[in-house]
């Protein structure tokens, strides 16, 4: 019986390892195929139709409930004034085409779910359930606010990360004699994330007849990243003064690289005190307690042996 069990376990592990290996090969081949299609087409939006996931369906249903509570949400706007929500939505790229009214409604709906959950836990006599009557509604109310602010912050960080490489690529393209609009249209095909979204919208606004300076101002309004704002303001100033665009992009790329190096040095300098703090308040007390405990146990054991020897 034991031999049969060991054989089954061994076969299971062998088959599991083979499955992992084949799945890894499939992932590698898929990435190669996607890279080849991207190289041949020049962009990544080649019309692959994706099936809607259960989480996406849940979010869409939640947004429909948010429409029902939109009016109440706009009245109950603690820590989420409508102009603040609009600013967060702009800086986060307006995920799921979310509107201010929908967000305010989702916030109220989540708070109501928190009230129901807190009441249910209180009826079932869960530990600290009386605190949950207050905590769960507050969590439901503030969770959408915190998630949206985090989304906006992460998007601005990603914009900062992609900006130097984008500037270098555009600068080289401009030096080849290509116009700015054409350079932006060609370069953004090879980028993903906020860089592509922002400059795609910028080009669309220009195609619709929006003045270039007005389109630059909209870029500034949608993004509060200091490096990105520095670039757009330099482009506005260069347009007014007649400075060549290629020179502006080249100088901004050098400034971005210098700023990134300074940020890395700053983070490295901040890491040392944190490590020292952890060592002082976590590692050292633990080591002292461990050594002291062993010493106490050793003393007690020796004392008991000494007591047994003595008459």
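For the condition surrounded by 14 or more Cβ atoms within 10 Å (Cβ to Cβ), under 26 Å from the mean Cα position of the chain (by Cα), part of a loop (DSSP other than H, G, I, E, B) and in the same structural domain as residue 165 (by TED's automatic domain parsing), what is the one hit in 192, 224?
Step by step, each of 192, 224 is checked, and only 224 is surrounded by 14 or more Cβ atoms within 10 Å (Cβ to Cβ), under 26 Å from the mean Cα position of the chain (by Cα), part of a loop (DSSP other than H, G, I, E, B) and in the same structural domain as residue 165 (by TED's automatic domain parsing).
Being buried (at least 17 other Cβ atoms within 10 Å of the Cβ) and assigned to a helix (DSSP H, G or I) is the requirement here; does residue 160 meet it?
Criteria met by residue 160.
Are there any pairs with C-beta distances below 6 angstrom linking a residue in region 66-83 that is more than 19 Å from residue 149 (Cβ to Cβ) to a residue that is at pLDDT below 90 and surrounded by 13 or more Cβ atoms within 10 Å (Cβ to Cβ), with the two at least 6 apart or on different chains, and if so which?
Between residues of region 66-83 that are more than 19 Å from residue 149 (Cβ to Cβ) and residues that are at pLDDT below 90 and surrounded by 13 or more Cβ atoms within 10 Å (Cβ to Cβ), there is no close pair.
Only residues in region 200-226 that are closer than 18 Å to residue 160 by Cα count as the first member; pair them with residues that are assigned to a loop (DSSP other than H, G, I, E, B), Cβ under 6 angstrom, at least 6 apart or cross-chain, and list the lot.
Final answer for the pair search is none.
Determine if region 141-148 includes at least one residue that is within 28 Å of residue 220 (Cα to Cα), modelled with pLDDT under 90 and surrounded by fewer than 17 Cβ atoms within 10 Å (Cβ to Cβ).
No, region 141-148 has no match at all.
Among the candidates 209, 242, single out the residue that is loosely packed, with under 10 Cβ neighbours inside 10 Å and at pLDDT 85 or above. Spell out the reasoning first.
Details: 242 fails: at pLDDT 85 or above.
Of 209, 242, the one residue that is loosely packed, with under 10 Cβ neighbours inside 10 Å and at pLDDT 85 or above is 209.
Among the residues of region 172-186, write down those that are more than 12 Å from residue 202 (Cβ to Cβ) and either part of a helix (DSSP H, G or I) or modelled with pLDDT of 90 or more (or both). Write out each step before concluding.
Let us first name the residues in region 172-186 that are more than 12 Å from residue 202 (Cβ to Cβ), namely 172-179, 182-183, 186.
172, 173, 174, 175, 182, 183, 186 - these are the residues of region 172-186 that are more than 12 Å from residue 202 (Cβ to Cβ) and either part of a helix (DSSP H, G or I) or modelled with pLDDT of 90 or more (or both).
What number of residues within region 62-82 are under 23 Å from the mean Cα position of the chain (by Cα) and surrounded by fewer than 14 Cβ atoms within 10 Å (Cβ to Cβ)?
Number of matching residues: 1.
The values are calculated or read from the model by the stated rules, or taken from the named source; none is laboratory data. Everything quoted here is computed from the prediction, not taken from an experiment. We place every Cβ from the backbone using ideal geometry, glycine too, and count neighbours over all the protein chains shown.
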